[in-house]
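First comes the structure, then the notes that go with it.
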């Protein structure tokens, strides 16, 4: 059983994840329309490329934009979740070993203590974000099934992974649950709001290009001051 | 009343405009709107053909994080009403329209109209505060286009679109009226400025000036002031006979065809006159419609206008910087002043530097609003909202945000180089009974403060 779910099922899930997200990104770009959207995407690349990059990178830094600074609670929760949510799947020792075995790519791995902290932070972030969804009047107006789905899809691998890490007695059970929930995450990512894994970069690049090409790139003296 | 006033067909005749105007406040118009049939198939087709991955992704990837809420002055001034969150507003209108693939009724379309014109001024501030960069203002503008096509637009927007289509201007000002007003203003000021002139259709002039029909109809002194400022800076300038008006109620109305007609009319004037640059009057949405969005409506692939096209504040900043316009230091504004950042040319065209450069020459005590520049709030009346009677109450509530900002600066004067912002500030002072704060365009202030060069004949009158 473990062989199958860490073998072929893992490959399938990873393939769906990678190909699916790639497809979402490609479809996004192909669906852009300079005329309909009134943004001359292929012009002024001297401005649009820096504009796209600034638009992306400023938002990847804690407090890097007025948006983050105006919403400190949301910002903190976002970053404590995403530091772990990005770094653990990629650089946890247990994962890098798998990647090397199956794909031949060798990534550096996180020290055990750091990984523990990041994973606990990520789990806390998820729980607090769920609480925020339940308690904020603004979010209660907006919440949808999809929002809860992706919180759950992300919660399960982290919770089961940490349990496997700390509960030696039921290790095998937690590992099966962890692998299955991880694969569920991978399988569903391209078809849910988890697709923001690539679409965040797409939409941020687009708005950065818009402001650089059309809305002040020539007159502002630099990229938009997010 | 037998006349069918509310239809999806744009108004293209004088008679059509007059019929609409006769219907006070649009009473019949709105009543007919409730009975208007929605062409669901055409609507589905329109959405399919014009709503692509940018907008669909915006709507589907939205994380419902509510970071856009506090960015919106409607949310703030309505006691943080969750139904005023930008994400919510667009999801229950355009989002729902797409989910239902156009299978909606008149009641739904009217609800969309109420949001698109009564709950959003398309100021684009939410785009700046969304982690994904989702621009709800752009989506509401897109929705306005869909609503215009199907006839569900506010009464004044229908009239405004008709005005542009019939008169080539936002008001019923004919070419004759326009030229006569220029001549009249020169006459009125000839005694004081003997060599003042307003050259019309002067080929190869350095500057072609375009303006707002309101100035012709209601504030002609603005035209005289513009002429004086060109005069004292020795500017080789002209105005077109046709294509002189660069505002765009058509843009507010979602009438993209009308927008295209307007822009092409102005670009045709550029073609005829071949100026080095075009300068537009102090109007925010005119700049957005003609310089930012305009090139696309005119089929310019690069998104650039055919020749350098400045907003008035760019021209003034240049004149001050190069010393062509000199300010008498004794006449600088001493009272505390603040500066309105008009969304359409500051956040959406980066001209906040130019306005601040001007302030450094004309004001001794300049206090910035908070937030300022690209992050400043809409005046509360943009996107056509100032002119829409149906949403006057909603607008007046929204104005409070900008008034609070002004109060916080301690300023007694607001410099506001934009017609809509000017109106909004005028109205907020009246609505909230604030009698101690003045507001002004740049032109009258500059004319009062300028040092007349020796070679310009001038008589004290």
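Structure notes:
- Condition met for residue B:368 (more than 21 Å from the chain's Cα centre (by Cα) and part of a loop (DSSP other than H, G, I, E, B)): yes
- Within the range B:65-105, the residues that satisfy the criterion of being part of a loop (DSSP other than H, G, I, E, B) and either assigned by TED's automatic domain parsing to the domain that holds residue B:376 or more than 25 Å from residue B:146 (Cα to Cα) (or both) are B:65, B:66, B:67, B:78, B:79, B:80, B:81.
- Flag for residue B:108 being on the phi < 0 side of the Ramachandran plot, part of a helix (DSSP H, G or I), out of contact with any helix residue (DSSP H, G or I) (no Cβ under 7 Å at 6 or more places or on another chain) and not assigned by TED's automatic domain parsing to the domain that holds residue B:400: yes
- Number of positions in the range B:174-207 that are out of contact with any helix residue (DSSP H, G or I) (no Cβ under 8 Å at 6 or more places or on another chain) and part of a helix (DSSP H, G or I): 7
- With respect to the conditions (1) surrounded by fewer than 20 Cβ atoms within 10 Å (Cβ to Cβ); (2) within 16 Å of the chain's Cα centre (by Cα), residue A:46 falls short on a single one, namely (2).
- Check on residue B:343, in contact (Cβ under 8 Å) with a residue 40 or more places away in the chain, away from chain A (no Cβ under 14 Å) and out of contact with any strand residue (DSSP E or B) (no Cβ under 8 Å at 6 or more places or on another chain): no
- Unique match (being at pLDDT 95 or above, closer than 21 Å to residue A:34 by Cα and surrounded by fewer than 21 Cβ atoms within 10 Å (Cβ to Cβ)) among B:306, B:295: B:306
- Filter result for the condition that a residue is at pLDDT 95 or above and under 23 Å from the mean Cα position of the chain (by Cα), over B:88, B:129: B:129
Listed here are the residues, each with its yes/no results for (1) modelled with pLDDT under 95; (2) within 14 Å of another protein chain (Cβ to nearest Cβ); (3) under 25 Å from residue B:255 (Cα atoms); (4) surrounded by 24 or more Cβ atoms within 10 Å (Cβ to Cβ).
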{"position": "B:122", "(1), (2), (3), (4)": "no, yes, yes, yes"}
{"position": "B:133", "(1), (2), (3), (4)": "no, yes, no, yes"}
{"position": "B:141", "(1), (2), (3), (4)": "no, yes, yes, no"}
{"position": "B:168", "(1), (2), (3), (4)": "no, no, yes, no"}
{"position": "B:190", "(1), (2), (3), (4)": "no, no, no, no"}
{"position": "B:195", "(1), (2), (3), (4)": "no, no, no, no"}
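- Selection count, the range A:90-126, where residues are within 15 Å of the chain's Cα centre (by Cα) and at pLDDT below 95: 1
- Top-ranked residue of the range B:376-394 - restricted to ones that are touching a residue at least 24 places away in the same chain (Cβ under 8 Å) and either assigned to a helix (DSSP H, G or I) or in the same structural domain as residue B:80 (by TED's automatic domain parsing) (or both), ranked as surrounded by the fewest Cβ atoms within 10 Å (Cβ to Cβ): B:389
- Scanning the range A:155-166 turns up no residue that is closer than 18 Å to residue B:132 by Cβ and touching a helix residue (DSSP H, G or I) at 6+ places or on another chain (Cβ under 9 Å).
- Single unsatisfied condition, residue A:145 versus (1) within 13 Å of chain B (Cβ to nearest Cβ); (2) closer than 26 Å to residue A:190 by Cα; (3) in contact with a helix residue (DSSP H, G or I) (Cβ under 7 Å, 6 or more places away or on another chain): (3)
The values are calculated or read from the model by the stated rules, or taken from the named source; none is laboratory data. Small disclaimer: the values here were computed from a predicted structure and weren't measured. When we count neighbours, we look across all protein chains shown, and the Cβ atoms used for this are built from the backbone with ideal geometry, even at glycine.
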